[in-house]
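Shown next, in structure tokens, is the structure this report addresses.
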Amino acid sequence: MSKKNVSLILLIIGLLSAIAFMVFRHTLPLYITLVLKVIPTLLMCCWIIYVNLDKDNVLVFVGLVFSMIGDVFMELNGDTFLIIGIIANTLGIICYTLYFYFSDRSLDIIRLIPVAIVMGVFYIILYNYLGDLKLPVLVYCIIHTLFLWRSSARFGDIYIKPASQYICFIGCVSVSISDFLLSLTIFNVLPNIPMYEIVDMILWWSGLLMITITAEIRRQSIKQRGRIPV
């Protein structure tokens with residue numbers, strides 16, 4: 001079976017699992033819900049291994065593993081599980097940030113400014129709801145600022161076409177918006193209603209998928225050119 005067909009099958013299975021999770025999230029037994037939630041990200045990890053896991057995409061792979069662990073713990077009840085889930089998710093974001101940094105180490109300071117402004121406004125919105133968590137959430141916002149800043153360095157990348165550059169950045173923005181929406185519901189800025197949960201997961205999985213696919217496109221381009229980025 002060709003790689004294209006295998007990739008399509010994995011995509012379809014992941015999509016069906018994601019839909020089933022969002023539709024039946026609150027009606028199925030917890031263990032089935034967890035399996036359905038894990039499958040989309042797990043299949044992204046499997047796909048990276050299938051196409052070839054190497055030093056050019058290993059940080060994306062590790063990030064996906066942390067994101068998957070975070071998904072599991074954040075589905076469980078209890079503040080301890082929630083904190084573990086947030087930590088795992090944050091480690092995933094750090095991995096993606098390092099992936100972008102090692103792909104392109106140019107400063108691009110000007111691109112940091114709008115991202116920092118947006119994140120600053122988001123933190124101000126949350127501030128009065130944070131209680132004793134003001135400092136941890138500030139650190140979390142800084143990490144997301146670095147994540148979006150470094151992902152913006154993908155623009156102008158010589159190894160991938162402009163369309164892939166935009167898809168990659170849109171994927172990163174989707175991941176961040178998903179985390180922002182989750183934060184707004186966790187701290188009761190917004191009510192935790194099914195519609196927000198569905199939007200959150202759609203943004204999360206689609207963002208991770210765009211990062212994963214464009215990372216492979218870039219890896220293939222590097223391989224074909226026979227060059228390793230500095």
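The values are calculated or read from the model by the stated rules, or taken from the named source; none is laboratory data. Remember, it's a predicted structure, so these values are computed and weren't measured experimentally. Cβ: placed from backbone, ideal geometry, glycine included. Neighbour counts: every protein chain shown. These area figures cover heavy atoms from the full protein model, side chains too; ligands, DNA and RNA do not enter into them. Shrake-Rupley method; radii C 1.70, N 1.55, O 1.52, S 1.80 Å.
Tabulate in residue order the Karplus-calculated ³J(HN,Hα) for region 196-210, using 6.51 cos²θ - 1.76 cosθ + 1.60 with θ = phi - 60°, rounded to whole Hz; enter x for Gly and Pro.
Whole-Hz 3J(HN,Hα) from phi for region 196-210: 5, 4, 5, 4, 4, 6, 4, 5, 5, 5, 5, x, 4, 5, 5.
Roughly how many Å² is the accessible area per residue of the chain, as a whole number, for a 1.4 Å probe? Can you show the working numbers first?
Details: 11920 Å² over 230 residues.
I get 52 Å² per residue for this part.
Any idea what the dipole of the chain comes to, in debye rounded to 20, about its Cα centre with Lys/Arg Cβ at +1 and Asp/Glu Cβ at -1? Write down the numbers at each step before the final one.
Values: 16 positive and 13 negative charges, 187 e Å.
With Lys and Arg at +1 and Asp and Glu at -1, about 900 debye.
Distance between Cα centroids, region 137-165 to region 20-77: provide it in whole Å.
Distance between centres, Cα-based: 22 Å.
Taking only C-alpha pairs under 8 Å that are 6+ residues apart, what is the relative contact order of the chain in percent? Walk me through the numbers before you get to the answer.
Working: 241 pairs, mean separation 40.7, N = 230.
Relative CO of the chain lands at 18 percent.
How long is region 168-230 along each principal axis, judged by its Cα atoms, biggest number first, in Å?
Result for region 168-230: principal-axis Cα extents of 51, 20, 12 Å.
Name the residue farthest towards the positive end of the dipole of the chain from the options P191, Y50, V139, assuming +1 on Cβ of Lys and Arg, -1 on Cβ of Asp and Glu, about the Cα centre.
Y50
What net charge do the residues around W149 carry, taking every other residue with its C-beta under 9 Å from that of W149, with Lys and Arg at +1 and Asp and Glu at -1?
Values: positive: R111, R150; negative: D108.
Result for the neighbourhood of W149: +1.
Starting from the alpha-carbon convex hull of the chain, give the projected area averaged over all orientations, in nm². Write down the numbers at each step before the final one.
Working: hull surface 51.6 nm².
So the mean shadow area of the Cα hull is 12.9 nm².
Quick check: at a probe of 1.4 Å, how many percent of the accessible area of the chain sits on carbon and sulfur atoms? Could the numbers behind the result be given before it?
Numbers: 8900 of 11920 Å².
Carbon and sulfur: 75 percent of the exposed surface of the chain.
Largest first, please: the extent of the C-alpha atoms of region 142-186 along each principal axis, to the nearest Å.
40, 19, 8
Accessible area, 1.4 Å probe, largest first: how do Y127, Y96, Y166 sort?
On the way: Y127 100, Y96 0, Y166 130 Å².
Descending accessible area places them as Y166, Y127, Y96.
What FRET efficiency do you get for I32 and S7 if R0 is 25 Å and r is their Cβ-Cβ distance, rounded to the nearest 0.05? Working shown, then result.
Working: r = 26 Å, r/R0 = 1.04.
E(calc), rounded to 0.05, equals 0.45.
Considering only lysines 8 or more places apart in sequence, or on different chains, count the pairs in the chain whose C-alpha atoms sit under 26 Å apart.
11
Using r as the Cβ-Cβ distance of R25 and I177, and R0 as 22 Å, what FRET efficiency do you calculate, to the nearest 0.05?
Details: r = 20 Å, r/R0 = 0.90.
Step by step, r from the Cβ atoms, then E = 0.65.
Sorted by packing (mean other beta-carbon atoms within 10 Å per residue), highest first, where do 206-213, 69-76, 111-118, 23-30 land?
Values: 206-213: 22.2, 69-76: 18.6, 111-118: 14.9, 23-30: 11.2.
The most tightly packed comes first, giving 206-213, 69-76, 111-118, 23-30.
Across region 100-165, how large is the tail of the calculated P(r) beyond 17 Å, expressed as a percent of all Cα pairs?
Values: 1054 of 2145 pairs.
Tail of P(r) above 17 Å: 49 percent of Cα pairs.
With a cut-off of 8 Å between alpha carbons and a minimum separation of six or more residues, what is the relative contact order of region 36-173 in percent? Could the numbers behind the result be given before it?
Details: 127 pairs, mean separation 26.8, N = 138.
With pairs under 8 Å counted, the relative contact order is 19 percent.
If you take all C-alpha pairs in region 19-83, what percent of them are over 13 Å apart? Walk me through the intermediate numbers first.
Values: 1368 of 2080 pairs.
It works out to 66 percent of all Cα pairs.
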